[in-house]
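One structure below.
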């Protein structure tokens, strides 16, 4: 086989290989791979630059972020926005009016509730007057019963006396009959007076029950009035604390419903840092442990802080789907424990630490240990 044949065979193999690569890897795929490679290199370079600017020692973590209380303010009633009294990113005070919903409908409900309360109070007052009159009627009926009872006793005694006299012929038959009739009439009149007294007493019991019903209606009317006033108060959305509002979520004239997002309030004057330390780092941490915090936004500025508290569980356990390693192969992954860091920022940084900023947190003892090793000295006992 001569050299020309070898060269031809080699060229054929090269062409087949190039054709195979072109088949398996299109131009778009090569471009995508190049973009991904470039992005990976850029991310690695950025991480390298960050580590150069914020060196991480054994007792530090850069998995830390500034946190603050962020309160989403929502509407609790339905209506049209009447006024928006703040601008985006404006500092506000506690109790300051931020947004007002048109209160006309709710003011009408308050007036309706006041009218219901007034009507219930009038009915209750009328019942009290009726009860007063009825008590007098019961007293008069009782007095009539007593008077009738006395008259009946006198009539019965008179009838008995006529019985004795009539047997001796001392009184006429007509007088005897009249005395007997008077005694019978007195008994009937006593029963009638007793019935009237019982009726008056029953009427008083009914009025007492009516009073309790009217008092319940008055309480219900007052409750409805209180609810109407509460709903009227919901038309005024105020700041629950000092802070800075975010972007406004509503505009004048917009219809909002209960639960509609209005605006966010950030308590920017009271911030802390949540640092996710590796589990082997938290052994020396306890509330009160001093730390140093560096914010990426302000390189070179160290902020003193102390450990406020440690999370009762790792971040993985508090996630939506905590891991379960009871089955299958197991690969150990270092867990991270969230640690809340209370800050003592300098005055020039007041109000400039924004939730979400990245931070580096260093434990004081670890810093002293690293500095001692770098200087070739041995750290003092109890400080390593």
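The values are calculated or read from the model by the stated rules, or taken from the named source; none is laboratory data. Nothing here was measured: the structure is a model prediction, and the numbers come from that model. Reconstructed Cβ throughout: ideal geometry from the backbone, glycine too, with neighbour counts over all protein chains shown.
Miscellaneous remarks
- Residue 227 modelled with pLDDT of 95 or more, in contact with a helix residue (DSSP H, G or I) (Cβ under 9 Å, 6 or more places away or on another chain) and closer than 30 Å to residue 84 by Cβ: yes
- Residue in region 112-127 that is modelled with pLDDT of 80 or more, farther than 22 Å from residue 212 by Cα and in the same structural domain as residue 214 (by TED's automatic domain parsing) present: yes
- Here residue 68 meets the list (1) modelled with pLDDT under 85; (2) touching a strand residue (DSSP E or B) at 6+ places or on another chain (Cβ under 8 Å) almost entirely, failing just condition (1).
- Failed criterion for residue 82 (all others in (1) over 30 Å from residue 353 (Cα atoms); (2) buried (at least 17 other Cβ atoms within 10 Å of the Cβ) hold): (2)
- Region 66-79 - residue that is under 24 Å from residue 298 (Cα atoms) and surrounded by 15 or more Cβ atoms within 10 Å (Cβ to Cβ) and, of those, farthest from the chain's Cα centre (by Cα): 66
- Here the condition is being closer than 30 Å to residue 124 by Cβ and either within 60 Å of the chain's Cα centre (by Cα) or at pLDDT 70 or above (or both); of 209, 150, 188, it holds for 209 alone.
- Unmet requirement for residue 95, which otherwise passes all of (1) assigned by TED's automatic domain parsing to the domain that holds residue 221; (2) on the phi > 0 side of the Ramachandran plot: (1)
- Flag for residue 235 being under 30 Å from residue 105 (Cβ atoms) and either touching a helix residue (DSSP H, G or I) at 6+ places or on another chain (Cβ under 6 Å) or surrounded by 18 or more Cβ atoms within 10 Å (Cβ to Cβ) (or both): yes
- Count - residues of region 318-349 that are surrounded by 10 or more Cβ atoms within 10 Å (Cβ to Cβ) and closer than 25 Å to residue 295 by Cα: 12
- Condition met for residue 315 (in contact with a strand residue (DSSP E or B) (Cβ under 8 Å, 6 or more places away or on another chain), surrounded by 11 or more Cβ atoms within 10 Å (Cβ to Cβ) and part of a loop (DSSP other than H, G, I, E, B)): yes
- Scan of region 244-261 for residues that are under 25 Å from residue 353 (Cβ atoms) and at pLDDT 95 or above, ordered by number: 244, 245
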